[in-house]
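Peer 1: Let me give you the structure first, and then I'll get to my questions.
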Number of protein chains: 2
Amino acid sequence: MRSYDQWCGVAKALDIVGDRWSLLIVRELSIRGPLRYTDLQRGVPGIATNLLADRIRELEQAGIVARAISEVPGAPQLIRLTERGEGLRPVLHALGRWGGSDLADAPRTDAFQAHWLTIPLEATLRDRKPDRGRAVLEVRAGEPPIQVEVGDGIRTRLGPAPSPDGVISGDPRTVLAVLFGRMGLEDAEKAGTTFRGDPKLLRRIRP
Amino acid sequence: MRSYDQWCGVAKALDIVGDRWSLLIVRELSIRGPLRYTDLQRGVPGIATNLLADRIRELEQAGIVARAISEVPGAPQLIRLTERGEGLRPVLHALGRWGGSDLADAPRTDAFQAHWLTIPLEATLRDRKPDRGRAVLEVRAGEPPIQVEVGDGIRTRLGPAPSPDGVISGDPRTVLAVLFGRMGLEDAEKAGTTFRGDPKLLRRIRP
DNA sequence: CAGCATCCGCTTTGATACTG
DNA sequence: CAGTATCAAAGCGGATGCTG
């Protein structure tokens, strides 16, 4: 990308990650950790393979991603975020929160992957009762399920929770609407979304 | 911009403001308030006039900017952010903070406008002694000077402060380095940067 | 002059085909 | 699996021209 040549942090950031697709590649690596090329491609549906190769190269030169050389011979080459790349999380959160308001009336034809939910969950949920200790909510809105760990802030992990304090399952729209307090459990259940566990957990984390 | 067609807040945000120049236009309006076309163009140096017109149109359709129809006939048409557009401030802050680390070794040929400093100032400074009441620091690193209001967080305004509690003047690099705690006052003064006022004010706001 | 629109060469993107 | 090659279409950048 051609530089804006402006002495301004916003412009400098966009010099590096302002290219089309770049931040979505960062999103994918930030959520899922190191990935092989083909998995990364599946995580950014719609990207052409030549563009993915281009972007990885550019991000690598800028020090945002690196190719993890595995010691194990024959192991697949993984692409991972550098520390500087991980530093983009606040940018992803801010964009995700702002863009999230468009999700409600987005076309049903949009691609969807369950792990993308971790960004609005981490960016929007709050722990309003930090004194109550740790609790885990499992969010099932596709594969994989997501663990939301409450206590000392909000953290998410991919994969099922060993012994969750609550489980919410349903389609992503309704699940997010419930978690963000835009829909009551009653209405959600009519839409096929179920919650098992203590409803206090929901009230604790709603923004 | 062609949509990414992904049910993800980050992708939706980039569908709207992911075009080249778009976020810099938002930056300009967010910092300076409503602007006429030509002033906006000067605030985004390097943009071609047809692209500025294109972007304004697109942002207008997306509900990010609006043209303020003045009641006064003959008054110039102003372009302003809508409320939704103002909501992009956290995005600008996150990008500015992340990209700010590239400013130290940016080429001297970069365009610079003093009001751009408000973003790193607001995004990075902290009020570490909220109990000490209100204080105002004036930052002079070009025109216009910037008021940094400390107390109940950090707020900035453009223009000189009526009776500041401190004034720091110098070139933008050194001034930022001092304010962000990367350089002591001693070294800064060798580089021609001066501070008048109580040094405690500096320590109060450094990140 | 402010506020664009038009034209044109160049670069980037998107889709697909192909390769070690 | 992990890319490269190719090519048409879209977008960008720069210059210039038009209109109130």
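Peer 1: Quick one: is A:Leu52 away from DNA strand C (no atom under 15 Å from the Cβ) and either touching a residue at least 24 places away in the same chain (Cβ under 8 Å) or of a type in the set (Val, Ile, Thr) (or both)?
Peer 2: No: the conditions fail for A:Leu52.
Peer 1: For B:Arg155, indicate whether it is closer than 16 Å to B:Ile205 by Cβ and at pLDDT below 95.
Peer 2: So B:Arg155 does not fit the description; no.
Peer 1: Would it be correct to say that A:Gly63 is out of contact with any Phe, Trp or Tyr (no Cβ under 7 Å at 6 or more places or on another chain) and within 13 Å of another protein chain (Cβ to nearest Cβ)?
Peer 2: Yes.
Peer 1: Of all residues in the stretch A:103-126, count the ones that are crowded, with 17+ Cβ neighbours inside 10 Å and of a type in the set (D, E, K, R).
Peer 2: So the answer is 1.
Peer 1: Moving on. If you check B:Arg42, B:Arg2, B:Arg55, B:Arg84, which single one turns out to be of a type in the set (D, E, K, R) and assigned to a loop (DSSP other than H, G, I, E, B)?
Peer 2: B:Arg2
Peer 1: If you don't mind, there's one more thing I want to ask. So A:Lys200 ticks every box in (1) within 20 Å of the chain's Cα centre (by Cα); (2) in a helix (DSSP H, G or I) but one. Which box is left unticked?
Peer 2: Checking A:Lys200 against (1) within 20 Å of the chain's Cα centre (by Cα); (2) in a helix (DSSP H, G or I), the one that fails is (1).
Peer 1: Another one. Among the residues of the stretch B:56-72, is there at least one that is of a type outside the set (D, E, K, R) and within 12 Å of DNA strand D (Cβ to nearest atom)?
Peer 2: Within the stretch B:56-72, none of the residues are of a type outside the set (D, E, K, R) and within 12 Å of DNA strand D (Cβ to nearest atom).
Peer 1: From the list B:Ile168, B:Ile154, which residue is touching a Leu at 6+ places or on another chain (Cβ under 6 Å) and either under 22 Å from B:Ile31 (Cα atoms) or aliphatic (A, V, I, L, M) (or both)?
Peer 2: B:Ile154
Peer 1: Among (1) within 15 Å of DNA strand C (Cβ to nearest atom); (2) touching a residue at least 24 places away in the same chain (Cβ under 8 Å), there is one condition A:Ala13 misses while meeting the rest; what is its number?
Peer 2: Every listed condition holds for A:Ala13 apart from (1).
Peer 1: So, of the residues in the stretch A:51-77 that are in contact with a helix residue (DSSP H, G or I) (Cβ under 6 Å, 6 or more places away or on another chain) and not charged (D, E, K, R), which turns out to be nearest to A:Ser22 (Cα to Cα)?
Peer 2: Within the stretch A:51-77, the match that is nearest to A:Ser22 (Cα to Cα) is A:Leu52.
Peer 1: Which of (1) of a type outside the set (Lys, Arg); (2) more than 21 Å from the chain's Cα centre (by Cα); (3) more than 16 Å from DNA strand D (Cβ to nearest atom); (4) farther than 30 Å from A:Arg42 by Cβ is the odd one out, the single condition B:Ala11 does not satisfy?
Peer 2: It is condition (4) that B:Ala11 fails.
Peer 1: Anything in the stretch B:24-42 that is aliphatic (A, V, I, L, M) and within 15 Å of DNA strand C (Cβ to nearest atom)? List them, or say none.
Peer 2: B:Ile25, B:Leu29, B:Leu35, B:Leu40
Peer 1: Could you list, in sequence order, the residues of the stretch B:5-17 that are more than 7 Å from chain A (Cβ to nearest Cβ) and part of a loop (DSSP other than H, G, I, E, B)?
Peer 2: none
Peer 1: Next up: So B:Ile47 fits all but one of (1) of a type in the set (Val, Ile, Thr); (2) closer than 17 Å to A:Asp5 by Cα; (3) more than 10 Å from chain A (Cβ to nearest Cβ); what number is the exception?
Peer 2: Here B:Ile47 meets the rest and fails (3).
Peer 1: Restricting to the stretch A:30-49, count the residues that are within 13 Å of DNA strand D (Cβ to nearest atom) and touching a residue at least 12 places away in the same chain (Cβ under 8 Å).
Peer 2: Total meeting the criteria: 7.
Peer 1: Further, regarding this structure: Could you please find all residues in the stretch B:183-201 being in contact (Cβ under 8 Å) with a residue 40 or more places away in the chain and at negative phi?
Peer 2: Within the stretch B:183-201, just B:Leu201 meets the criteria.
Peer 1: Residue by residue through the stretch B:73-92, note down the ones that are within 9 Å of chain A (Cβ to nearest Cβ), within 15 Å of the chain's Cα centre (by Cα) and surrounded by fewer than 19 Cβ atoms within 10 Å (Cβ to Cβ).
Peer 2: B:Gly87, B:Pro90 - these are the residues of the stretch B:73-92 that are within 9 Å of chain A (Cβ to nearest Cβ), within 15 Å of the chain's Cα centre (by Cα) and surrounded by fewer than 19 Cβ atoms within 10 Å (Cβ to Cβ).
Peer 1: Considering each residue of the stretch A:58-73, count those that are away from DNA strand C (no atom under 11 Å from the Cβ), modelled with pLDDT of 95 or more and out of contact with any strand residue (DSSP E or B) (no Cβ under 9 Å at 6 or more places or on another chain), and give that number.
Peer 2: Of the residues in that region, 3 qualify.
The values are calculated or read from the model by the stated rules, or taken from the named source; none is laboratory data. Keep in mind the model is a prediction, meaning the values are calculated, not measured. So basically every Cβ, Gly included, is an ideal-geometry build from the backbone, and we count neighbours across all protein chains shown.
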